[in-house]
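The values are calculated or read from the model by the stated rules, or taken from the named source; none is laboratory data. Because the structure is a prediction, the values reported are computed rather than measured. No Cβ is skipped: glycine too gets one built from the backbone with ideal geometry, and neighbour counts run over all protein chains shown. To get the accessible areas, we keep the full protein, side chains included, count just its heavy atoms, and leave off ligands, DNA and RNA. Shrake-Rupley method; radii C 1.70, N 1.55, O 1.52, S 1.80 Å.
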Amino acid sequence: MEERAGARRRPPMAVPPLLLFLLLLSSFSSCAAAASGAPVGEDYVRPPAAARRCGLHHRKALLSLFPWSKKKDSSSASDPQQVHISLAGEKHMRVTFVTDDNSVPSVVDYGTEAGTYTSTSQGESTSYSYLMYSSGKIHHVVIGPLNDNTVYYYRCGGHGPEFQFKTPPSQFPLSLAVVGDLGQTSWTTSTLNHIKQCAHDMLLLPGDLSYADYMQHLWDSFGTLVEPLASTRPWMVTEGNHEKERIPFFKSGFQSYNARWKMPYEESESTSNLYYSFKVAGVHAIMLGSYTDYDESSDQYAWLKADLAKVDRKRTPWLIVLLHAPWYNSNWAHQGEGDSMMAAMEPLLYAAHVDMVIAGHVHAYERAERVYKGGLDPCGAVHITIGDGGNREGLAHRYRNPKPAWSVFREASFGHGELKIVNATHAHWTWHRNDDEEPVRTDDVWITSLAGSGCIQDGSHEYRKILMSP
C-alpha cells in the first residue's frame, strides 16, 4: 500500500453497544461459574482465592477492550513499536515492527555485541485501512545469515532502543513454548509471565492471537503486550477464527493478520500466509490453515502433499503439525468443526507419520493418545488441544461423557505447554495450569518419535504412494 508522508492513525471506532453487552454477559457468566466452586474440567476445583479475584480480573479484561484504553505512547513517533521476530528460512530471521512516522526506513542494524552493529538489512513495509482505522507503517525486515544458538543485539528503523534475541540451536535439545487462543486479559498476562519463566527457544501459537475482532486498535495493544517475549524469541503462529475479520462485500478476511504477522510462507513454497512450514534443529513443523480451503482440490492440500513428500526424517526426525480447529475433541465446545478438514488431510499426515498435531480453538486443555480415523493407533499422531492461553471468552467447562478411549487427560483451565525435544527419539511434553500466580505442572508425558519406530518401515511403501500420487 502506498505510504503517505506524515500520516497518523485515526482514532479507533467506538465499540458497538451490542458487542459490549455480550462481553459483559460473558464476563459475568464466567465469574459466576468460578465463584460457585463447581469443578473445573473433570476433577480440578479452582481455589476460592481465584474466585474472589474473578471480578477484578474480568474488569481489567473488559477495560482493555474500550477505545479509550490506549497503549502507552512511544517517546517518539519514529520509535519502533510492537516488535516481534519469526523464522524466515534457514539461518534467517524476520524482524517486524510498527512506526507512527511513515518516514522511518525499513532497516534493522544488528550484531553480536551490545551497541555494536556490524550488519544492516533493508526490508519492506505495508499499511492498511479498516473502516475508520488506519494502521501505522508496518515494517518487515529479514536479517541474516545468522549463527545458531547465538545472542544478537538489534535496533529497528536506524535508531531507538536496543533489542536482543537468541537464535534457536541447530541440534537437539530444543525447547518450545506452546500456547493458543491468547487474547489480552489478566489471565493472558499470567500465561505470558509463566512462559517467560521457562527457558524456551521458540514459541508456537496455533491461532487466535489478539481477539481484536474488528476493533483494530486491539492489534496494536496486543503487539505491545507480547513485545517483551516476541522480540527475544521467534514466534511462529497460524491463524484462527478470530483473525478472519471479514466484512462481506467490503473487507476480505485476514487483512490485519497478514499485514502484521508475516510468516515464512514464501520460503516454504506456499502461496498463502495462512499455511506454511519451517525447520528448526531436527524438527519439521507445518502450520495449517483451518479457515482457508483444504479439500483435495485446494491449493493448501496440494502444497501440504508436496511439503510432506520432501520431509527427510533423517534430517528432521520430528514432524509436528499445528492448526486451529481440533480434530479430536471431547469437549462440547466446537464439536465437529474440524471434521471436514480431518477427513481430507488426516490420511496425508498418517502417511507421513506425523508425530504430533497441536490445536487451539476449544478453551480448555486435552491430550489424546496416538490416534487415527477415530481409534487408537500406535502409528497415528498424538493430538493436543491447548486453546487456553487466557482469552476473554472464558473457559469451555463441559466435556462429553463417557470419555473417549483416546482421551488421556482433559481439564478446563488456562495455561501453556512446553515441548522439550531431547533427541531424535524422545520428547518431554508438559502442560502448566495457571493457578493464581504460579504455573502448576499438571500433565506430564514422554513422547517417542515415529521416526525410530516400526511404523515407517512397515508402511513406508504403501503410504508413500499416497504422498507421491498426482
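What the table shows:
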quantity	calculated
Whole-Hz couplings from phi, Karplus 6.51/-1.76/1.60, listed for region 197-202; x for Gly and Pro	6, 9, 6, 9, 8, 6
Simple Cβ-charge dipole of region 210-356, Lys/Arg +1 and Asp/Glu -1, about Cα centre, in debye nearest 20	440
Additional length obtainable on full extension of the chain from Val408 to Thr112, 0.36 nm per residue less Cα span	102.1 nm
Spatial separation of Cα centroids for region 419-451 and region 361-376, in angstrom	16
Cleavage-rule hits (chymotrypsin sites (Phe, Trp or Tyr not before Pro)) in region 163-257: DSSP loop, at most 11 neighbouring Cβ within 10 angstrom	Phe249, Phe250
Non-local Lys pairs in region 167-466, i.e. 8 or more apart or on different chains, that have alpha carbons under 17 Å apart	10
Sites Ser119 and Ala77, calculated FRET efficiency, Cβ-Cβ separation with R0 22 Å, nearest 0.05	0.25
For region 252-268 and region 146-201, distance of Cα centres in Å	20
Accessible-area value, His242, 1.4 Å probe, nucleic acids and ligands omitted, Å²	20
Placed amide H near Ser134: partners under 5 Å, 5+ positions off or other chain	Arg10
Test item: Cα-centred dipole of region 140-266, Lys/Arg +1 and Asp/Glu -1 on Cβ, debye	140
Gain upon complete extension [Arg246, Asn193; 0.36 nm per residue less C-alpha separation]	15.9 nm
Qualifying chymotrypsin sites (Phe, Trp or Tyr not before Pro) for region 300-403 [loop in DSSP, other Cβ within 10 Å: at most 15]	Trp332
For region 167-466, share of DSSP beta bridges that run antiparallel, in % to the nearest 5	70
Glu113 - accessible surface, heavy atoms, 1.4 Å probe, Å² rounded to 10	110
